Amino acid sequence: MTPLVSRLSRLWAIMRKPRAAVGSGHRKQAASQEGRQKHAKNNSQAKPSACDGLARQPEEVVLQASVSSYHLFRDVAEVTAFRGSLLSWYDQEKRDLPWRRRAEDEMDLDRRAYAVWVSEVMLQQTQVATVINYYTGWMQKWPTLQDLASASLEEVNQLWAGLGYYSRGRRLQEGARKVVEELGGHMPRTAETLQQLLPGVGRYTAGAIASIAFGQATGVVDGNVARVLCRVRAIGADPSSTLVSQQLWGLAQQLVDPARPGDFNQAAMELGATVCTPQRPLCSQCPVESLCRARQRVEQEQLLASGSLSGSPDVEECAPNTGQCHLCLPPSEPWDQTLGVVNFPRKASRKPPREESSATCVLEQPGALGAQILLVQRPNSGLLAGLWEFPSVTWEPSEQLQRKALLQELQRWAGPLPATHLRHLGEVVHTFSHIKLTYQVYGLALEGQTPVTTVPPGARWLTQEEFHTAAVSTAMKKVFRVYQGQQPGTCMGSKRSQVSSPCSRKKPRMGQQVLDNFFRSHISTDAHSLNSAAQ
């Protein structure tokens, strides 16, 4: 018998043993966590007594739904093994990141919590590699809550430009002002009060701040943690559904280590980001592989496919007498042998972003310090609130109407303009979280006339150098690249930016033109012959 077959035989024997009642095991685990928490120290981090509240709560979320223990951690030994293996791995393999260094080195609790808060907000929907420079620049400019609270929204938008999801920066500053003006400069100390008092702080962000900065034993669930938990407990259903989300939060709370809650939560996120990845997980490097039901399922299926084992796996019995388990793979998406552990979880298909179109114009005039371009400020609410952009209008069904509407918008900001100089340069496609926006890009250069020196509030002239450091979106930077590419002697169309312009389409070489003309004439003659025959 091969080692793998022997291992699976032992696994099946364990799985077929009668299972203990889930409820009592969870109550014992909650009591054990409470006892350990009274004496634990969080890796040299201060832990106020007010943080004990959430850790003492029983696992009500897990117990309120009737689920098989197959999807849960059955006893204290299993939970302890998971914690130990994960934390040992994290101590050896964790990445050196600037927000982690600040959280470890900062002794002032409010400054520590602020540092964690900034990093967690920036990391939402954004990759670590992108965030590092933004985070470093932010903390250098505004190292304390008081510094951020005294900044202007313009400064915040300017530094946030290019990071995306711009409302995050605005809410972060709103929260800092509330802490300084209404809470005496002190951050709330628990996940509950953080979520309750600070704008833009949801359950995950509150839990991350409370556990990392204040040592509160509260679990967190983000996309990385959800994927790890789904695979470890073979949860195949959509993790964004209410029922599955509740189970995941319950598991996270059950697993979090009271002695090192911040490190544990970061370890779970690190595991999902670097090892238990969405498409190509590195199972051989996983510290909790021996506890992973998804991995066990893969091995079972491989043995069944090879004929080394007979019978059917016990997975289908995870919800006896209650019908289809709501945590297993949905019946409409059965096990896919080619996916392996990536079968867990199956995500619901995303709704495609709605498509919109707009026309925008780069208006340029000569200035004392070089060419100037006109920017106008967007409203203080809605998409890209408060950022600066080139004058824009919604898409019109005809080129004539489009030009007329755009020229009227330009004249609203800059006064009378020569309509004949308005040129169409190409288009830019930029996808936001829920909108796919196509910009028809126009250009208008004012030459040989008196420069416009005064503009209404909400508009301003900037040099090209000032434009690149202003609070403008990535989409507007793409638009400007199209404009630059259409100036005499330049052609800077960028494939990555999804831009299209006449300049970006290269003319064929002379030899290719001869061949094209030859085939075009023959194709035309053949098509004419076919049409005649058909008649």
Name the residue, out of Arg95, Arg111, that is touching a Ser or Thr at 6+ places or on another chain (Cβ under 7 Å), modelled with pLDDT of 95 or more, of a type in the set (D, E, K, R) and open to solvent by 50 Å² or more (accessible area, probe 1.4 Å).
-> Arg111
Filter region 379-395 down to residues that are closer than 25 Å to His424 by Cβ and open to solvent by 60 Å² or more (accessible area, probe 1.4 Å) and give me whichever is modelled with the lowest pLDDT.
-> Trp395
Taking the options Gly137, Gly175, Gly169, name whichever one is over 27 Å from His434 (Cα atoms) and not polar (S, T, N, Q).
-> Gly137
Expected output for region 150-178 (first residue aromatic (Phe, Trp, Tyr), partner open to solvent by less than 10 Å² (accessible area, probe 1.4 Å) and not in a helix (DSSP H, G or I), Cβ below 8 Å, 6+ apart or cross-chain) is Trp160/Ala471; Tyr166/Ala385; Tyr166/Gly386; Tyr166/Leu387; Tyr166/Ser473
Residues being within 15 Å of Ala206 (Cβ to Cβ) and either part of a loop (DSSP other than H, G, I, E, B) or over 19 Å from the mean Cα position of the chain (by Cα) (or both): count how many of those fall in region 113-125.
-> 3
State yes or no: is Asp263 assigned to a loop (DSSP other than H, G, I, E, B), farther than 23 Å from Leu329 by Cβ and either open to solvent by less than 20 Å² (accessible area, probe 1.4 Å) or not assigned by the TED database to the domain that holds Gly207 (or both)?
-> no
May I ask you to say which residue of Arg203, Arg293 is open to solvent by less than 30 Å² (accessible area, probe 1.4 Å) and either closer than 27 Å to Cys325 by Cβ or hydrophobic (A, V, I, L, M, F, W, C) (or both)?
-> Arg293
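Only one residue in Gly370, Gly415, Gly426 is on the phi > 0 side of the Ramachandran plot and out of contact with any strand residue (DSSP E or B) (no Cβ under 8 Å at 6 or more places or on another chain). Which one? Outline the logic, then answer.
Working: Gly370 fails: out of contact with any strand residue (DSSP E or B) (no Cβ under 8 Å at 6 or more places or on another chain); Gly426 fails: out of contact with any strand residue (DSSP E or B) (no Cβ under 8 Å at 6 or more places or on another chain).
The unique qualifying residue is Gly415.
Conditions (1) at pLDDT below 85; (2) not β-branched (Val, Ile, Thr), marked per residue:
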site	(1), (2)
Gln402	no, yes
Val429	no, no
Glu447	yes, yes
Thr450	yes, no
Ser500	yes, yes
The condition from (1) over 20 Å from the mean Cα position of the chain (by Cα); (2) without any contact (Cβ under 8 Å) to a residue 12 or more places away in the chain; (3) open to solvent by 50 Å² or more (accessible area, probe 1.4 Å) that Arg102 misses is numbered (2)
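The values are calculated or read from the model by the stated rules, or taken from the named source; none is laboratory data. No experiment lies behind these values; they were computed from the predicted model shown. Counting neighbours? That spans all protein chains shown, and the Cβs are built from the backbone with ideal geometry, glycine included. The area values use the complete protein model at the heavy-atom level, side chains included, leaving out ligands, DNA and RNA. Shrake-Rupley method; radii C 1.70, N 1.55, O 1.52, S 1.80 Å.
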